[in-house]
Amino acid sequence: MSHHFPALLVIAPLLSAFFISGAGWLNRRFCLPLAVASLGVAGLSALSLFWRVVQQGPVLYRLGGWDPPWGIAYAVDFLNAPVLVLICIVALLNLWASHRQVEEQFKEKTGAFYTLYVLMVTGLLGITVTGDAFNLYVLLEIASLSGYGLIAMGEDRAPLATLNYVYMGTIGACFYLLGIGYLYIVTGSLNMADIARILPGLYENKAVLTALIICLVGLWLKMAFFPLHVWLPNAYTFAPVPSAALIAPLMTKVMVYVMIRLMLTVFTPGYVFSTLGINDAVVWFAVIAIVMGAILALGQRDLKKMISYIIVAEVGYMVGGAWLGNRAGMTGAILHIINDALMTLCLFLAVAAITYRMKSYTFSSLKGLIRKMPFTMGAFILGGLSIIGVPPTCGFFSKWYLITGALQAGHYGFMAALLFSSLVNVVLFFRIIEIGFFEPFNEGHGHGEHGPEPMNEAPLSILVPLWIVALGLVVVGVYTSEIITHVLQFAIPKAIL
Amino acid sequence: MSGIVATIIAKYNYWIYICLMMIGLYAMITKRNLIKKIVGMNIFQTAIILFYVSIGAKRGGTIPIIEHAHGGQSHAVEAVHYINPLPHVLMLTAIVVAVATLGVALALAIRIYNRYRTLEEDEILSRIRGS
Amino acid sequence: MKKLGLLLVILSGALLLYATVDFPLWGDPSSPASLHVSPRYIEKTMEETSVPNIVTAVLADYRGFDTMFETTVIFGAGVVCFLLLRVLGGEEGDHYYRHLPTGVTIHVKGAKGKSLSGEFERIDMLWTPYDLVIKTACRIMIPFIQIYALYVIAHGHHSPGGGFQGGVILGASVILLAISQNLRTALRRIGEKTVGILCAIGVFIYAGTGALCLALGRNFLDYAALASVLGTDPVTARSHGILIVETGVGIAVMATMIWIYNNVSSAGRYDEGL
């Protein structure tokens, strides 16, 4: 059975989606256990795959029993194995934290919500594990479509924000599809490894260059890279918290993974970094993204929007790091995929806890909250420290690698942008601490009594996963060097020095 | 000049697909009506279908269904006689995805209309600011 | 905005045109796309899967995994439309009823909880004319449409067609019923719950067949594993496997088309459509 783990990884959540959908009509009590069980199976498959990759090297699975260029192959290697584990962990923890809110918010439609939740995870896992460029597009659409559904169920303005996301997301996915078509017309293949084998003879071909550019633009739209980010803040802000806490940590990060996958495996580093010579331009775009994301985050008056703009800046980190063209930058970018997903999850789970108690997430509702919800705010601050980049949290280490990469590449603009954004993050989070600690609890809200507010924490079902993530930030930070020496360094081809 | 004309004629369907695609993209960027944008989105996706199907064309090839397949005499099947089936398969997927996206977009448009009683983006935005 | 949009469009159009210079000529039999992967499909399909329609073979077997997710996309769209639009709970507001023996139409205000039955038939607010010709014509056409749809699904191995096309036609026949009569009549024939469950069952037939192959010891979706169950040789088993999954696709697509139509046309209230 262990031979079939790559298939099982995607199939378990997929099959459970149909059962959950059926259970939604017949007996709603089974929806949650089914979702947990299937994500658990997927998580175990991901863990054992990860272990096998570390022990024995990359794994190839031929779906339908056909050999790769003709059939579709799943390829698990050092680059995507950690991402797979990450997706399963984030999805499971968020499911644990948010099931109570889902049942309160969706009532009769709980079944439909869990169906889409599981489908979204299926899509993300499939995007990560697949070795076929077109299969990736189909899975991308699954993840996006279920994402639209999950986001649009939010507040008043959510449908409008989602429709804008649909427009931008469709253009993005279509551009990616078009880029794959351009590759297909000159190579005749859809398998990533096979394309990479054929491409070296075609580096002069204009279609290959165009394919790279439109694929990148498509993915940048999907990952909300700065000038193309306009859909993200509204979509994530108005989304219901359970969906936002799944989509915000994973969607953009998986798109960054796809970009790195295309750069390293399909177009190969030799072409991307040496033949083209566009890395400098892309890194400068990333600089703009980081600076603008940080500035826009400063101007926000509510938590979710602030975090959304921080995500825009973080996407800039990863794109810039990947395009620096050296080993340290690439390591930083890949490491930051993992770290940023965990940090975003931590912040969004804290927001979930705050909205659960306060029914609001504006800055003004945070007054006195550190006394009222000390554990939630503690985890929130830990997440904030990691975003700022304070050791020993994991955010420090990926930032360290990114800055080292910028120094080695001699790209001081990127280094300055990273430092600037860290500084802005300090301001952002200390402002929240100030509001939460020093400003008194909202009088109109409470009963007018003075003195310390009574503690009114969020339920344990949110607090426990929240603290698991928060401690996870530190654990990942402490074990960073192990992660790099045993896994990530093999993910980066030797061609990158 | 004749060189350019010759290139255009030799690859005219690629030119057509690009024109179609740009019409769709232009509609999505500039139109202020949500339904018109959805129409633009569909044109955009259809253009990609035209592109892929063009890849599959083969001069002198017929549709990729083998004739007299289960008949008695077995004759060698040669690739040059049949057009490339792969782009058609891929586009079946793309069509389905386009339909699915269209359904979701329309559902969202209905939700927006129920809430704001209009589909003009400007009016919706002014209503959001007003409230 | 218009100028900026035009500039963007022209720039991206120019980029795409720039690349066509290096494209192989249109219809060139020696282009890479015609030489690298696809010849194997054309030349080996018959001996490997025993399906003359190469598109069907590639769709459901060589790249069957894509197609499974494609069906899932449709299923997901159905679920999204339901989640977004469906209004659960009692219906309120005004209703129109027609008194069948006399043809008189009456208008009932605030009809919540009350319903007229017997000689009264509820009619749509926006569709008052009573058109016998349309109803009868559609009633005659619908069975033929459905038989044709079944033919398209079943004959997908030998002629253009297959699960998607047949499923859409089947769905269209039910939608035609909803348009020519009204949504409530269509819902009486095939209810909301049935549609929702059929939708999941259809895709489950596909994925379940794949999982069965896995349980029988071959790779996921390797239909050759079904040979022992079906009692045929592996090549014929592939052909039968394709038929099974195409049937699943047909069911899923039909149900989803109806589901999306029901939700979108009545804005989720399920009382009066179009």
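What follows draws every value from the coordinates through simple rules; no lab data is involved. Note that the coordinates shown come from a computational prediction; the quantities given were computed from them, not determined experimentally. Methodologically, a virtual Cβ is constructed for each residue, glycine included, from the backbone with ideal geometry; neighbour enumeration extends over all protein chains shown.
Figures for the structure shown
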read-out: Neighbour-count ranking [beta-carbon atoms within 10 angstrom, fewest first] of A:Lys359, A:Lys304; value: A:Lys359, A:Lys304
read-out: Cβ-based exposure ranking for A:Phe285, C:Phe144, A:Phe437, in which fewest neighbours within 10 Å come first; value: C:Phe144, A:Phe437, A:Phe285
read-out: For chain C, convex hull of alpha carbons as volume per residue, Å³; value: 218 Å³
read-out: Binned Cα-Cα distance frequencies in the stretch B:1-55 - 10 Å width, integer %; value: 27, 38, 24, 10, 1
read-out: Within the protein assembly as shown: Cβ-based charge dipole about Cα centre, in debye rounded to nearest 20 (Lys, Arg +1; Asp, Glu -1); value: 1240 debye
read-out: Charged-residue dipole, Cβ positions (Lys, Arg, Asp, Glu), chain A about Cα centre, Debye nearest 20; value: 160 debye
read-out: Among C:Val174, C:Val152, C:Val264: highest mean-square fluctuation, GNM of chain C, C-alpha pairs under 10 Å; value: C:Val264
read-out: Residue order, fewest to most surrounding Cβ atoms within 10 angstrom, among C:Val104, C:Val55; value: C:Val104, C:Val55
read-out: Over chain B: helical MRE at 222 nm, DSSP H runs n ≥ 4 each giving -39500 (n - 2.57), nearest 500; value: -24000 deg cm²/dmol
read-out: Rounded tilt (10° steps) of A:206-223 against the dominant C-alpha axis of chain A; value: 10 degrees
read-out: Test item: A:176-187 mean partner chain Cβ contacts at 10 Å; value: 6
read-out: For A:16-25, mean number of other protein chain Cβ atoms within 10 Å; value: 6
read-out: Average projection area in nm² (convex hull over Cα atoms of the stretch A:278-497, one quarter of hull surface); value: 12.0 nm²
read-out: Degrees separating the helix A:133-152 axis from the principal Cα axis of chain A, which is the longest one; value: 20 degrees
read-out: Cα-Cα over 19 Å, subset of C:Lys135/C:Lys193; A:Lys222/A:Lys253; A:Lys206/C:Lys2; B:Lys11/B:Lys36; A:Lys305/C:Lys3; A:Lys304/A:Lys367; value: C:Lys135/C:Lys193; A:Lys206/C:Lys2; B:Lys11/B:Lys36; A:Lys305/C:Lys3
read-out: Between helix A:241-261 and chain A: long-axis angle, C-alpha atoms, 0 to 90°, nearest 10; value: 20 degrees
read-out: Convex hull volume per residue in cubic angstrom - Cα atoms of the protein assembly as shown; value: 181 Å³
read-out: Helix-derived mean residue ellipticity, 222 nm - over chain A, DSSP H n ≥ 4, -39500 (n - 2.57), to 500; value: -24500 deg cm²/dmol
read-out: Farthest positive-ward along the protein assembly as shown dipole, Cα basis, beta-carbon charges - from C:Val264, A:Leu369, A:His99; value: A:Leu369
read-out: Residue-averaged beta-carbon neighbours from other chains (10 angstrom radius) around B:116-122; value: 1
read-out: Cβ-based net charge around C:Glu48, under 13 Å, with every Lys or Arg adding one and every Asp or Glu removing one; value: -3
read-out: Summed side-chain charge close to B:Leu90 - residues other than B:Leu90 whose Cβ falls under 14 Å, Lys, Arg +1, Asp, Glu -1; value: -3
read-out: Mean separation of Cα contacts under 8 Å (6+ apart) over length of the stretch A:278-497, as relative contact order %; value: 29 percent
read-out: Helical mean residue ellipticity (222 nm; -39500 (n - 2.57) per DSSP H run of 4+; nearest 500) of chain C; value: -20500 deg cm²/dmol
